[in-house]
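Below: the structure, in structure tokens.
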Amino acid sequence: MMIISLVPRRFLIAAVSGTAVLMPLCQAHAEMSAWAEAEGGRMRLVALAPDAGGKIRAGLQIEPKPGWITYWREPGNSGIPPQVTIAPATGVTLDAIGYPVPKHFFNGGIEDIAYDAPVTLPLSLTAAGKGEVKIDAAVFIGICKDICIPFQANLSLKLGRAMQSHPQEEAILAAADATLPKPPSDDFKVTAHAISPDRKTLSLTLALPGDGKSAPDIIVTGPSGYAFTKQSGGKRDGATFKTDMAIGRLPKDYDISGKRWDVLVIDGDRAMETTLAFD
């Protein structure tokens, strides 16, 4: 594995504000917005009506065309992380975005952390009022093949009554939730972590499920814009795995004390995500 490459791809995003593909408002008076289309794929919103506390389960469906990819939350310097902005006037706020387990892609000196197949990002929303709910979202993603194209669209939908059944939307959101990494468990967790005094190496000890022989895929995300994946000295002994992660250059004067980094571990068909505390 390797640290996210700083080698530039042949982008069409040199000036994002000038080249972004701005789609018109895509509305629907149901629990799915219309699809917004771009050269490399399409996307839309899916949502269920608010519960009694105003909480809304929703998802951003992204369907890259064959051969194209779209990015995880921390793609490094070679991609665009998804951005979702909800119009304040609607009274709906975005609480969190969930990210299904991504893949690694290598193209020469470039490493991408991304999705090459349809993916739904779970969205947690809250509606302030009790009346009709309308979601207006400005969505910005990157989709790449030989070139990268910014894909921006305004997606809108109105939600019906909570008592109505919406099996298609419920199935889409349930399937999205199933693709998320799981929290730590007794057989799959980080048991120890330490960063070297020079802040160039992060040592990890993991409990892994089963008795596999291969090294797991590990993605450590530190400050915003930084992802570390290069392992060295990895050794697996049954369910125990120890490795050192190479930490690239951190922001100038960055103080790691008190910080929280995230780590995603993919071992076979299981994935676990947790937080590393540096106290």
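Details
- Those residues of region 233-279 which are exposed (fewer than 15 other Cβ atoms within 10 Å of the Cβ) and among the acidic types (Asp, Glu), in sequence order: Asp237, Asp253, Asp255, Asp269, Asp279
- Flag for Thr85 being assigned by TED's automatic domain parsing to the domain that holds Ser33, β-branched (Val, Ile, Thr) and in contact with a helix residue (DSSP H, G or I) (Cβ under 7 Å, 6 or more places away or on another chain): no
- Check on Ile97, among the aliphatic types (A, V, I, L, M) and more than 20 Å from Met32 (Cα to Cα): no
- Test: Glu169 is acidic (Asp, Glu), at pLDDT below 90 and assigned by TED's automatic domain parsing to the domain that holds Leu48: no
- Residue that is touching a residue at least 24 places away in the same chain (Cβ under 8 Å), in the same structural domain as Val263 (by TED's automatic domain parsing), in contact with a His (Cβ under 6 Å, 6 or more places away or on another chain) and of a type in the set (A, V, I, L, M, F, W, C), where the choices are Leu208, Leu204: Leu204
- Exactly one residue out of Ala215, Ala239, Ala271 is of a type in the set (Gly, Ala, Ser) and modelled with pLDDT of 95 or more, and it is Ala271.
- Which listed residue is modelled with pLDDT under 95 and either more than 13 Å from Ile143 (Cβ to Cβ) or assigned to a loop (DSSP other than H, G, I, E, B) (or both), from Leu25, Leu94: Leu25
- The one condition from (1) surrounded by fewer than 22 Cβ atoms within 10 Å (Cβ to Cβ); (2) at pLDDT below 95; (3) in contact with a Phe, Trp or Tyr (Cβ under 9 Å, 6 or more places away or on another chain) that Ala14 does not meet is (3).
Listed here are the residues, each with its yes/no results for (1) among the hydrophobic types (A, V, I, L, M, F, W, C); (2) touching a residue at least 12 places away in the same chain (Cβ under 8 Å); (3) more than 17 Å from Thr201 (Cα to Cα).
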{"position": "Ala227", "(1), (2), (3)": "yes, yes, no"}
{"position": "Lys230", "(1), (2), (3)": "no, yes, no"}
{"position": "Gly238", "(1), (2), (3)": "no, yes, yes"}
{"position": "Lys242", "(1), (2), (3)": "no, yes, no"}
{"position": "Asp269", "(1), (2), (3)": "no, no, yes"}
{"position": "Met272", "(1), (2), (3)": "yes, yes, yes"}
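- Residue within region 252-271 that is touching a Phe, Trp or Tyr at 6+ places or on another chain (Cβ under 6 Å) and under 17 Å from Asp198 (Cα atoms) present: yes
- Within region 125-145, residues that are of a type in the set (Ser, Thr, Tyr) reach partners that are part of a strand (DSSP E or B) with beta carbons closer than 9 Å, at six or more positions or on different chains, in the pairs Thr126/Lys55; Thr126/Ile56; Thr126/Val92; Thr126/Thr93; Thr126/Leu94; Thr126/Asp95.
- Residues in region 210-247 that are of a type in the set (S, T, N, Q) and within 19 Å of the chain's Cα centre (by Cα) were compared, and the one that is nearest to Thr274 (Cα to Cα) is Thr221.
- Residue check, Ala49 closer than 13 Å to Ile135 by Cβ and touching a His at 6+ places or on another chain (Cβ under 9 Å): yes
- Selection from region 69-81 of residues that are crowded, with 21+ Cβ neighbours inside 10 Å and not hydroxyl-bearing (Ser, Thr, Tyr): Ile69, Trp72, Glu74, Pro75, Gly76, Gly79, Ile80
- Candidates in region 173-204 are the residues that are polar (S, T, N, Q) and surrounded by 14 or more Cβ atoms within 10 Å (Cβ to Cβ); of these, the one that is nearest to Thr120 (Cα to Cα) is Thr179.
The values are calculated or read from the model by the stated rules, or taken from the named source; none is laboratory data. All of these numbers come straight from a predicted model, not from anything done at the bench. Neighbour counts are summed over all protein chains in view; Cβ atoms, including those assigned to glycine, are modelled from backbone coordinates with ideal geometry.
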